[in-house]
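What follows is a short report on a single structure.
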Amino acid sequence: MVAPDDGMSTTAPTSPAAWEPLTPRGVAAFARAPWRRLLLAQLVVALLAAAVTGWFLEEEWFPVVRAAIRQMPDEGEIRTQRLDWRGSATVKLAGNHFLGLGVDLDHSGQLVRESQVQLEFGRRDLQIIVAPLPGRVVVDYPAGWRIAFNRPELDSRWGAWEPELLAGVTAAMFAGLLLSWAVLATIYCVPVRLITLYENRDLNWGQSWRLSGAALMPGALFLIFGMLVYGVSSMALVQLGIVWALHLVIGWIYLFVSPFFLPRHPAAEATRGNPFSGERKKGKK
C-alpha cells in the first residue's frame, strides 16, 4: 500500500563534502557544511595572500629601501616641512623594476623613472609617480615633525623596524581579508537567498551566508596567483590592476552560478508547481 503524497520528503538531501572552493559545485557544498569548514578554507587562503605579500615586500621593496639608506649622506633631516639635504640636488638613491627612490629638490624631472612606483623627495613635499598612470600624488611633509633623512639614523632604525613592519603588513593583510570577506558575505547573501527562493533551492539565511563566503575564494586565489606572477615577471602594474578587477568578477560569477548546484527544496520537488501559489500538480489516475 502506497502512502499518499503529502508534499514532504522524509529523506534529507545529501550534499558532497566541502573541501575545495574552486568549482561552483565545490562552493555550493560549503553552504551545508559546518561554518568551521568555511573558516578553515578562508584561513588557508588568507595565509597564502599574507605570505605572498610578505614575500614580495621582502624580495622587491625592502632591499630598495636598504640600498637607498646606504646612499644617503651622514647628515640630513625633514624639519618644519622642509627637507635639509646635504647631497646633490638631483640623485637616484636606489631602484628596481618595482620601486624607485630618489631626491629631486625642485622636482625638475631630471630623475630617470624606470620603476613602476617612483618616490621622489623634494624640498617641500614627496611626490609619488605610478607608471603608466598620468599625474602624480603630492604629499606635503608633516608640520611639527622631525624626520631623520640621513644614513646613520635611518640605517639603525630601519634595521630595527623592518621585521616589525613586515610582520605588521602581513598581519594586517591576513586580518583585513577575513574581515572584508565577512562583510561581503553579509551583503552577498541577500542576492543568493533571492536566487534560491526563486529557483526553489533548499537553503536558509545562514547557509546563504556560507555559500557567499565560499564564492569569494576562487577570485582571491586568482588574485594571489596574479601577485605571484607580478612578483616574478615583468608584468606591468596596470596589468595587476586588471587582475584585481577580474578577481571581483570571478567572485560574482561564482556567487550567481553556485546556487544552481544546490538540491531543490523537498516540497518543491514534490509539488512541481509555483512555490508561492500553494498549487500542486495532480497525477493522473
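The values are calculated or read from the model by the stated rules, or taken from the named source; none is laboratory data. In this text the structure is predicted, and so the values were computed from the model without any measurement. Using ideal geometry, Cβ is built from the backbone for each residue, glycine included, and neighbour counts are taken over all protein chains shown. Note: accessible area is taken over every heavy atom of the protein model, side chains too, but ligands, DNA and RNA are not part of it. Shrake-Rupley method; radii C 1.70, N 1.55, O 1.52, S 1.80 Å.
So how do Met217, Met173, Met235 rank on accessible area, 1.4 Å probe, biggest first, that is with the largest at the start? Show your work: numbers first, answer last.
Working: Met217 0, Met173 60, Met235 35 Å².
From most accessible down to least: Met173, Met235, Met217.
Would you please calculate the Kirkwood hydrodynamic radius of the stretch 203-245 over all C-alpha pairs and express it in Å, rounded to one decimal? Don't skip to the answer; put the middle values down first.
Numbers: mean 1/r = 0.0847 Å⁻¹.
About 11.8 Å, per the Kirkwood formula over Cα pairs.
Quote the accessible area belonging to Glu60 in square angstrom, nearest 10, computed with a 1.4 Å probe and with ligands, DNA and RNA left uncounted.
Here the accessible area works out near 40 Å².
Could you give me the radius of gyration and the Dmax of the stretch 108-170, taking only the C-alpha atoms into account and expressing both in angstrom?
14.5, 37
Got a sec? What order do Tyr198, Tyr254 fall in by accessible area at 1.4 Å, biggest, i.e. largest, first? Show your work: numbers first, answer last.
Working: Tyr198 170, Tyr254 40 Å².
Heavy-atom accessible area, descending, gives Tyr198, Tyr254.
I need to check one value: relative contact order of the stretch 141-263, counting alpha carbon pairs closer than 8 Å and at least 6 residues apart, in percent. Intermediate values should be presented prior to the final figure.
Working: 78 pairs, mean separation 32.1, N = 123.
Result for the stretch 141-263 is 26 percent.
Pop out the Kirkwood hydrodynamic radius of the stretch 60-160 from its pairwise C-alpha distances, inverse of mean 1/r, in Å to one decimal. Don't skip to the answer; put the middle values down first.
Values: mean 1/r = 0.0728 Å⁻¹.
About 13.7 Å for the stretch 60-160.
For the chain, what relative contact order do you get, as a whole percent, if you take Cα pairs closer than 8 Å and at least 6 residues apart? Mind dumping the intermediate values first?
Numbers: 433 pairs, mean separation 63.9, N = 285.
Result for the chain is 22 percent.
Quick one: what are the phi-derived ³J(HN,Hα) couplings along the stretch 37-54, Karplus 6.51/-1.76/1.60 with θ = phi - 60°, whole Hz, x for glycine and proline?
Running phi through 6.51 cos²θ - 1.76 cosθ + 1.60 with θ = phi - 60° gives 5, 5, 4, 4, 4, 5, 4, 5, 5, 5, 5, 4, 4, 5, 5, 5, 4, x Hz.
Size of the dipole of the chain about the Cα centre, Lys and Arg at +1 and Asp and Glu at -1 on the beta carbon, nothing else charged, in debye to 20?
On the way: 27 positive and 24 negative charges, 299 e Å.
Value, rounded to 20: 1440 debye.
May I ask what percent, to the nearest 5, of DSSP beta bridges between residues of the stretch 92-161 are antiparallel? Spell out each step's value before the answer.
Working: 12 of 17 bridges.
The antiparallel fraction comes to roughly 70 percent.
Mind putting together the pair-distance distribution for the stretch 149-239? All Cα pairs, 10 Å bins, whole percent per bin, short to long.
In whole percents, the pair-distance histogram is 14, 26, 25, 19, 10, 4, 2.
Taking the Cα centre of the stretch 130-272 as the origin, how large is its charge dipole in debye, to the nearest 20, when only Lys and Arg (+1) and Asp and Glu (-1) carry charge on their Cβ atoms? Kindly include the intermediate steps, with their values, before the conclusion.
Numbers: 9 positive and 8 negative charges, 64 e Å.
Taking the Cα centre of the stretch 130-272 as origin, the dipole is about 300 debye.
When the Cα atoms of the chain are enclosed in a convex hull and the volume is divided per residue, what value in Å³ results?
Values: hull volume 46.7 nm³, N = 285.
Per residue, the Cα convex hull of the chain comes to 164 Å³.
At 222 nm, what helix-only mean residue ellipticity would the chain give, in deg cm²/dmol to the nearest 500, using -39500 (n - 2.57) for each DSSP H run of four or more? Intermediate results must be reported in sequence, preceding the final value.
Details: 7 runs with 140 residues, N = 285.
The helix contribution divided over the chain gives -17000 deg cm²/dmol.
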